[in-house]
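What follows is one structure encoded as structure tokens, with my remarks underneath.
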Amino acid sequence: MATAYELALEKVRNGINPAVVAAELVASMTIDEKIHCLDGAVPFWVGIKDITTGGYHSRPFRAAKVERLGIPGFHFSDGPRGVVVGEATAFPVSMARGATFDPELEERVGDAIGKELRTIGADLYGGICVNLLRHPAWGRAQETYGEDPHHVGEMGAGLTRGAQRHVMATLKHFALNSMENARFGVDVKVDERTLHEVYLPHFKRIIDEGVACVMTAYNSVNGEWCSQNEVLLADILRHEWGFKGFVISDWIFGVRDGVKSLRAGLDVEMPYRMIRNAPIVAALAEGLITEELVTSAVTRTLTTMLKFKVGKLPVSDRSVVLCREHLMLSQEVAEKSMVLLKNANIDGSASLPLVLKSGAKISIHGRLAAMRNIGDGGSSDVMAPNVVTPLVGIREHFVNFEVVHELNASVETQVAQAKQSDVSIVVVGYTREEEGEFIGDSEDTVDMVTQIPRQDDPVLASEYKKYMLENHHFAPDELRIKSRNGTFSIGGDRQSIRLSGDDVQLIRAVAKVQPRTIVVIVAGSAVVMSEWINEVPAVVFGWYSGCNGGHALAKILSGTVNPSGRLPFVIPQDESHLPFFDRNAKKITYDYWHGQWKLDRDGNKAMFPFGFGCSYTQFSILDAKVEVSGIVNFECAVHNTGSRDGSTVVQIYVGRKDSAIERPRRRLVAFQRVEVRAGEIAQVKCTASLQNFATRNVQTHNWFVESGTWQLEIGQFSGDLNSLNKSFVIPQRIEL
Ligand code: BGC
């Protein structure tokens, strides 16, 4: 006999509104069943024991299952760089994907991850992470796409479209979560314009794309924890944006006050029955809250599940995991993401691509050259069985050459090798130990002991504290990395945004004896390079580039692939040009200014501006046109004036010379990646919604477009002197 849930699905299939069907289904639930849907399926102690003894990422996290009615619940699995349960295809990290400036490619990544998720029984993907990169020291910078709200929104929308062909997706972490070590305790102060014009537009963009679920952040915003923040969850998300999906908390201790969280609109506490169950039950019994509040939360969850046909989603065959198509897609993304930052001439010709005589010698240096190094060791870690390191990629590509690399050789030995080589490649940067998600010893994590269920029980509290200290914090590397027992690597926010002293010493020593020294940076966000960059002719930003990254790098270096990645953030000359960052902050104010916008405002020239990247060919932009008719339409032609096929990204920045409102000198409103054959011309068309030009009215909480002349720069990076300048006039202020 069909279950109540199956009958409900049938009604939805027959065209009845899922919200109506869900309401009927919820009406048939007992209060206990409804309360059961308000948090993860597993009780706290069982869960915490499991998660800290190897259970983390062994299977999806479950919630909202009601056996009696056949409600299957949902099954959450993390991201963003691939499936985290079992072996899976590891894609380049999101920041690398941001550098492709290619939302369609990102959609294909989402599609591939969605298919792989369906082999492990997951139906909720946790990978749409779009917190804005405010400062490159942020440990989880690699999980987002960059520093610009428009660009981040478009990339996240692409991933959502692709993934949601197969599963529901989760947009996270709502909101203002862009510090790692302090995330459990920090309060972020933000004014209304900054919140809506800088830190939220990309969330709104992805809500408009139809994302199913939103995960709240750990931190508090303007004095209230995100998981119980009525301004964020009720006023903005539900009322202003009209979000109809469901809201889940971030993981352990993401909720502080159970009743407040329910009132604010948090639907499910994840991943276990933790903080809110007991207080909600008590508040119901005392009549402090109504059953209606519980009903609404459960209805939102079930409406979304029914809309997405959870329980009847097609299950992918296990053969899609690590299939050739996905591995090649991972490689394609890596190839399109690598950014050629510097390519000076040596003896009259460019350092890259490498032009070598047969039998030439290539020396490879750096502690990251032969390391499996595909990013964070926290919730986004992907178990790719084979990772092509830079060394392996270069060896396999340059088969007619002598490739030398000596692991752990002294600097002197490496210098001797470099001296005898025709070219030297130095692979330096970071690993999961220096940047990534952080679960370590900090005041805030220890404080959390006070949050555990039945916090008045000192025996449980000390048992938990002992457990955390023994098993969670200090698990040996082999365990953390190989089997995930003990879970996370330490990661956290970077201590410095420069290379380590050892890396710099190596670069300098090699460059001193080898004029053709190519530096490859592996990192998840900006690295300040001022102390060594003048000593080397070429630099490639290689990212954590997924399971086939080594192949991609070799193709870029050899010229088989023409580099086309563009920086999704600014690289400053000096860290003092960035916003204040204190990884242990208890309080921080986010003002309007970060990244390229801040450098522009303060008159600091970037070392490499936002959107910048070189190619082995040259492009020029011609015949730009702009027309305003409800939306803003742009057209231009891109001429590849060089002798190689290649791709560039047309970037459209807007500014105001005579504005009454403080605003960025240049704000990205549209971009379009375009491939152009050598010598040919391609036409580019793109649009921007008027919302991209809008200002938040802090009195009425509405949006308007300022009247007057708007200046546009149509170029290939922010501040590109070769941009074409256009303008248009908005005769009268437009209220949106
Ligand atoms: C992270 C989330 C993640 C969750 C589950 C949390 O620590 O902040 O991004 O989805 O863990 O792994």
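We did not get these values from a lab; they are worked out from the coordinates using the rules stated. What you see is a predicted model, and the numbers here were worked out from it, not measured in a lab. Quick reminder, even Gly has a Cβ in these numbers, built from the backbone with ideal geometry, and neighbours come from all protein chains shown.
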Taking square-rooted eigenvalues a ≥ b ≥ c of the alpha carbon gyration tensor, is region 583-736 rounded, prolate or oblate, where a/c under 1.5 means rounded and, failing that, a/b exceeding b/c means prolate? oblate
Region 697-728 scanned against label point 7 Å out from residue 240 along Cα→C-beta; backbone N under 16 Å for 697-705
If amide hydrogens are placed 1.01 Å from N in the peptide plane, which non-local residues have theirs closer than 5 Å to the one on residue 169? 125, 212, 213
Segment residue 46-residue 727, length gained on full extension (0.36 nm per residue, minus Cα span): 239.0 nm
Taking 541, 243 and counting other C-beta atoms within 10 Å, the order from fewest to most: 243, 541
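First select every other residue whose beta carbon is under 15 angstrom from the beta carbon of residue 228; then total the charges, Lys and Arg +1, Asp and Glu -1. Walk me through the intermediate numbers first.
Details: positive: 238, 256, 260, 263, 276; negative: 39, 187, 224, 230, 235, 250, 257, 267, 269.
Within the 15 Å Cβ shell, the charges total -4.
If I take every Cα pair under 8 Å that is 6 or more residues apart in the chain, average their sequence separation and divide by the length, what percent do I get for the relative contact order? All intermediate terms of the calculation are to be shown ahead of the outcome.
Details: 1774 pairs, mean separation 112.3, N = 736.
Relative contact order for the chain comes out at 15 percent.
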Assuming R0 = 41 Å, can you tell me the calculated FRET efficiency for the pair residue 328 and residue 531, based on Cβ-Cβ distance, to the nearest 0.05? 0.60
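Counting Lys and Arg as +1 and Asp and Glu as -1, what is the net charge of the other residues whose Cβ lies under 13 Å from the Cβ of residue 611?
Details: positive: 566, 666, 667, 673; negative: 147, 148, 600, 713, 720.
Net local charge, residue 611 excluded: -1.
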Could you give log10 I(q)/I(0) at q = 0.14 Å⁻¹ for region 1-105, computed by the Debye formula over C-alpha point scatterers of equal weight, without solvent? -0.81
Whole-Hz couplings from phi, Karplus 6.51/-1.76/1.60, listed for region 633-641; x for Gly and Pro: 9, 10, 9, 7, 10, 10, 9, 8, 8
Hey, what number do you get for the chain at 222 nm if only DSSP H runs of n ≥ 4 count, each worth -39500 (n - 2.57), divided across all residues, to the nearest 500? -7500 deg cm²/dmol
Pop a pseudo-label 7 angstrom from the Cα along the beta-carbon direction at both residue 628 and residue 657 and give the gap in nm to one decimal. 1.6
Given R₀ = 56 Å, what would the calculated FRET efficiency be for residue 400 paired with residue 591, taking r from the Cβ atoms and rounding to 0.05? 0.50
Subtract the Cα-Cα distance of residue 677 and residue 309 from 0.36 nm times their separation in residues, and report this length gain in nm to one decimal. 128.1 nm
If neighbour count is taken as other Cβ atoms inside 10 Å, put 280, 681, 51, 556 in order from fewest to most. 681, 51, 280, 556
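Which pairs in the list 342/685; 244/312; 260/598; 260/307; 204/657; 11/172 are over 25 Å apart, alpha-carbon to alpha-carbon? Could you put the intermediate results ahead of the total?
Numbers: 342/685 29 Å; 244/312 21 Å; 260/598 37 Å; 260/307 28 Å; 204/657 28 Å; 11/172 31 Å.
Over 25 Å apart, Cα to Cα: 342/685; 260/598; 260/307; 204/657; 11/172.
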Starting with the fewest neighbours, write out 543, 225, 593 ranked by other beta-carbon atoms found within 10 Å of each beta-carbon. 593, 225, 543
